[in-house]
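Below is one structure; the comments refer to it alone.
The values are calculated or read from the model by the stated rules, or taken from the named source; none is laboratory data. Everything numeric in this text was worked out from a predicted model, so none of it was measured. Glycine gets a Cβ as well: all are built from the backbone with ideal geometry, and neighbour counts include every protein chain shown. In case anyone asks, the SASA skips ligands and DNA or RNA and just uses the protein heavy atoms, side chains included. Shrake-Rupley method; radii C 1.70, N 1.55, O 1.52, S 1.80 Å.
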Amino acid sequence: MITSARYVITQSVDPFYNLSLEEYLLENVQEGECILYLWQNRQTVVIGRNQNVWGECRVQALEQDGGHLVRRLSGGGAVFHDLGNLNFTFLVGEEDYNVARQLKVIVRAVRAFGLNAQVSGRNDIAIDGRKFSGNAFYKTKGKCYHHGTLLIDADMQAMGKYLSVSNEKLSSKGVKSVGARVVNLHALCEDITVLNMQRALLKAFGQVYGLTPAPLPEHTLDAQILAQKQEKFSSWQWNFGSKIPFTVEHHKRFAWGDLQLQLKVNEGVIQALRVYSDAMEQDIFLALEKALANCPLERTALLERLGYIPNQTMQEEIVTLLLE
């Protein structure tokens, strides 16, 4: 049961620090507490935990323009952040994790401006079918976060310039371009600014949880631990990772997300594997490389190794793709 509501609104626009702070808050959220963290990144592409950087982002263009790329902990797809975008994160213990309640805060805040916001599908919030918020989720060691974007007055042209989205993925959404299905809230209501939305979110947070949110000052947090985390989130290894000399590559889009598999195969045995996906179930795909190490490229053996995946349809689809 949530008995304490606290909030952090950081002034930092450094994506490496901001994701470090998010992880720090997750690790330190207390039992019975919900923390609402509001943050912004300057000119940044944030990719999902299991995504292929080169397939999702036009890295050279981003870097040439002074932008940043950072990999988050949660699954899902790549997003572009600038100062016209406001990010939110709800951090709670697993026993108090309630996505519907958390989404209610966002919907209530937007409706306060007279807009008919609705939860759309599994992880979007939209107005008249046009998305203004995408959400992703992460759980570890009994603690959870749910975070997302709010398009206030984002640069849609930059979004299209830096994000590289496959035609197959766009077709699955029923649109022709990365900006076609999204909308800025400021374009629908001129009263909506980043500052006004922050205020509306804090008010809605208190109303939904029946509590008075209290500030959590950043200066009280452990600067040394934050610096260590920032070093991780800014590292090449974390954001880009290592490549393998693969001999086989498979790529397909499923109902649950995109899956790209790069394999090094010798005498019918998987010697190395790289897995890239925008699926929300990040843990499944993080474990896939290890699960299939030194596995014969044969149906029965593959299904046995994939027994840890609870969804049998997903098991079958991955095996079929591997054997193509």
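Some points to look at:
- Computed on segment 182-324, with alpha-carbon pairs under 8 angstrom and 6+ residues apart, the relative contact order is 13 percent.
- Per-residue surface analysis assigns TYR97 an accessible area of about 50 Å², computed on protein heavy atoms at 1.4 Å probe radius.
- Sum of -39500 (n - 2.57) over DSSP H runs of 4+, divided by residues of the chain (222 nm, nearest 500): -10000 deg cm²/dmol
- The chain, relative contact order in percent, only Cα pairs under 8 angstrom and at least six apart counted: 19
- Simple point charges give the picture: +1 on the Cβ of Lys and Arg, -1 on the Cβ of Asp and Glu, and for segment 33-126 a dipole about the Cα centre of about 220 debye.
- About the Cα centre, charge dipole magnitude for the chain (Lys/Arg +1, Asp/Glu -1 at Cβ), debye: 460
- Cβ-based charge dipole, the chain, positive-most Cα from ALA301, GLN40, VAL275: GLN40
- Binning all Cα-Cα separations of segment 1-69 at 5 Å, short to long from zero, yields these whole-percent fractions: 3, 14, 20, 19, 16, 12, 8, 5, 3, 0.
- Computed magnitude of the charge dipole of segment 175-296 (debye, nearest 20; Cβ of K, R +1, Cβ of D, E -1): 240
- All alpha carbon pair distances within the chain were sorted into 10 Å bins beginning at 0; the resulting P(r) in whole percents reads 5, 25, 33, 24, 10, 2, 0.
- Segment 53-102 pair-distance distribution - Cα-Cα, 10 Å bins, rounded %: 17, 41, 26, 14, 1
- Summarising the overall dimensions of segment 1-160 from its C-alpha atoms, the Rg and Dmax are 15.5, 48 angstrom.
- Residue-normalised accessible area of the chain, expressed per residue, 1.4 Å probe, Å²: 46
- Surface composition of the chain: carbon and sulfur make up 48 percent of the accessible area, probe 1.4 Å.
- For the set LYS131/LYS232; LYS229/LYS252; LYS141/LYS243; LYS139/LYS232; LYS104/LYS229, the pairs lying more than 26 angstrom apart at their alpha carbons are LYS131/LYS232; LYS229/LYS252; LYS141/LYS243; LYS104/LYS229.
- Segment 228-324: chymotrypsin sites (Phe, Trp or Tyr not before Pro) falling in loop per DSSP and having at most 16 other Cβ within 10 Å: PHE240, PHE246
- If you take the Cα centroid of segment 99-130 and the Cα centroid of segment 32-74, the two points sit 23 Å apart.
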